[in-house]
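The values are calculated or read from the model by the stated rules, or taken from the named source; none is laboratory data. Since we're looking at a predicted model, the values are computed, not measured. Quick reminder, even Gly has a Cβ in these numbers, built from the backbone with ideal geometry, and neighbours come from all protein chains shown. Each accessible area value is taken on the protein alone, full model and side chains, heavy atoms only, with ligands, DNA and RNA left out. Shrake-Rupley method; radii C 1.70, N 1.55, O 1.52, S 1.80 Å.
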Amino acid sequence: MALDRFELEQREVRKPAVSYSDLSDHDLIDATRDGDEAAFAEIVSRYKGQLTNYIYRMLGDYEESIDLAQESFVRVYFAIDRYHSKYAFSTYIYRIATNLAISELRKRKRRKLYSLTGLFSYDDESEEQYQPPDARPHPEEEVVSREMRETIGKAIVSLPDRYKAPIILREIEEKSYEEIAEILGLGLGTTKSRISRGRGILRQRLERYLESSTDELH
Amino acid sequence: MNCIETREILKSGERPSERILEHLRECGECARVADREKGLSELLKMAPAVELPSDFDRSLMNKIENRRRGGSSVSFLRPGFLVPVSAAAVLLAVLAITFALFQGQTPPETADTADESIPVNSSADDGGPSTSGSETFPSSDELAGPVVNASPERAGTPRPNGESADQRKDDEERFEGRSRDLAAGTPESIIPPFFDGTPKAVPDPAPARRFSPGELLAEIGIEARFEQGGWKVLSVRQESIGARAGVRNGDLITSLDGRALTDAPIEGGGKNLLVVRGSRELTLTITP
């Protein structure tokens, strides 16, 4: 029976001879394609932290970041047959995550635009909502640093959308200009220019911290 | 390498090349800029990070399992499924055109039909299309332009598609077979359909939805509060339709196309706002 054969094929999982952690992303994708769920779990464990934080910095919303990071993996999983190794896997998954985050930002803007309560405070360049990630009490000496980190987070999350992803990818994720351009589907020049403009805005918003940090450098 | 070039590169966050480092050794001012830019990069790296919940993996696996069981939207998009769906869509389109021909009408132009499929209006300055497939990355324009001015469709009030007024008029007459009182005979030219009270052509249009005047004004960028005698303008968003019409903070908007604006919802929209500004009464025309 064709169906029986199909089921057998599904169960016939080729386990790699080496540890999953030694395999490249592409090898893990191939193994996942062959039905090896442990290989997919390894991919998740490699990217879940950075991807969630990336989305979190875009949205400033913890719950939504978790949800969208998971959604990114779900999409990878169900589209695994269509994945081509033309680009690095990290480019691919960041691309999906960026799409989801931008889509969420747009939804929020529309909701704001049509909500009578939030409508009039609406401003294209205005601040997104920002939920501090950790409300647990901190030792006294950490309070200032914590406040500074939150201000930095707010400054990034309130950047205009067009600068947000390039800045986070460059300054925090430390990706190359080329990879950022691929993730965002932009030209190299546009990517660099957005990063530069985004930095210009952040330079102004973080002025007071910048002065002290520059002083420390001297 | 001169100072201007050096600072431009430093401010873009690029790692300094050997040539730049050489310049920095000789130029104290540029060296200070370099320190400042380095400081900015270091600050940004201090952005807060979050820890994942312990059930992240389990919750993810549940989502995958649910999606797998529940006929996921992803499998819906697989190419194998798209073929019959596309075929059905083409068949329906052919039937619709045939029906229109039998009615003695000119079939709608392809461009119009294509326009209908665009769900959201994008004005010229809002940066382009507003929707993208979940896995289709938005174009640079989309990224550049968050859909701020674009608005999702409301029930029964299709958004403008960029078509000309004449095309819209033709559409309406073609489909409805009767003349409509387009904005009381005024040149309907550039009024957004939501605001001009002329629902898009459908054989039996549903009754126009009623909106609060505050909501209508918000549509054109005016924040207003109802007071005795009208709507007091609290703010006008820059570059909005309301701002272009000349509405200012403090104006009292008393009527829309001759209909008094109270706190009760009104039907449709209009284009002429009667405004009391100080001791003067002005008529401001909305032109998107």
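Here is how the numbers come out for the structure above:
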{"item": "Residue match in segment B:275-287 (condition: aliphatic (A, V, I, L, M), modelled with pLDDT of 85 or more and part of a loop (DSSP other than H, G, I, E, B))", "result": "no"}
{"item": "Of all residues making up segment B:6-24, the number that are without any contact (Cβ under 8 Å) to a residue 12 or more places away in the chain and in a helix (DSSP H, G or I)", "result": "4"}
{"item": "Segment A:138-165 residues that are farther than 20 Å from A:LEU59 by Cβ, paired with ones that are at pLDDT 80 or above and not β-branched (Val, Ile, Thr) (beta carbon under 6 Å, 6 or more apart)", "result": "A:HIS138/A:ARG146; A:MET148/A:TYR209"}
{"item": "Test result for B:ARG180, at pLDDT 85 or above and surrounded by fewer than 16 Cβ atoms within 10 Å (Cβ to Cβ)", "result": "no"}
{"item": "Among residues of segment A:174-184, those that are farther than 16 Å from B:GLY13 by Cα and open to solvent by 40 Å² or more (accessible area, probe 1.4 Å), counted", "result": "1"}
{"item": "Condition met for B:GLU14 (within 30 Å of A:THR151 (Cβ to Cβ) and modelled with pLDDT under 85)", "result": "yes"}
{"item": "Residue, most open to solvent (accessible area, probe 1.4 Å), within segment A:187-199, restricted to residues that are more than 7 Å from chain B (Cβ to nearest Cβ) and assigned to a helix (DSSP H, G or I)", "result": "A:ARG197"}
{"item": "Subset of segment A:65-93 that is within 11 Å of another protein chain (Cβ to nearest Cβ) and basic (Lys, Arg) - its residue that is least open to solvent (accessible area, probe 1.4 Å)", "result": "A:ARG75"}
{"item": "Subset of segment A:154-173 (residues that are open to solvent by 10 Å² or more (accessible area, probe 1.4 Å) and touching a helix residue (DSSP H, G or I) at 6+ places or on another chain (Cβ under 8 Å))", "result": "A:ASP161, A:ARG162, A:TYR163, A:ARG170, A:ILE172, A:GLU173"}
{"item": "Enumeration of residues in segment A:54-64 that are part of a helix (DSSP H, G or I), buried (at least 21 other Cβ atoms within 10 Å of the Cβ) and touching a residue at least 60 places away in the same chain (Cβ under 8 Å)", "result": "A:TYR54, A:TYR56, A:ARG57, A:MET58, A:LEU59"}
{"item": "Single match in B:LEU82, B:LEU92 (criterion: open to solvent by 50 Å² or more (accessible area, probe 1.4 Å), more than 9 Å from every other protein chain (Cβ to nearest Cβ), modelled with pLDDT under 85 and outside any loop (DSSP other than H, G, I, E, B))", "result": "B:LEU82"}
{"item": "Scope segment B:238-270; condition modelled with pLDDT of 80 or more, surrounded by 21 or more Cβ atoms within 10 Å (Cβ to Cβ) and assigned to a loop (DSSP other than H, G, I, E, B); matching residues", "result": "B:VAL247, B:ASP251, B:LEU261"}
{"item": "Residues (of a type in the set (A, V, I, L, M) and open to solvent by less than 60 Å² (accessible area, probe 1.4 Å)) located in segment B:47-74", "result": "B:ALA47, B:ALA49, B:VAL50, B:LEU52, B:LEU60, B:ILE64, B:VAL74"}
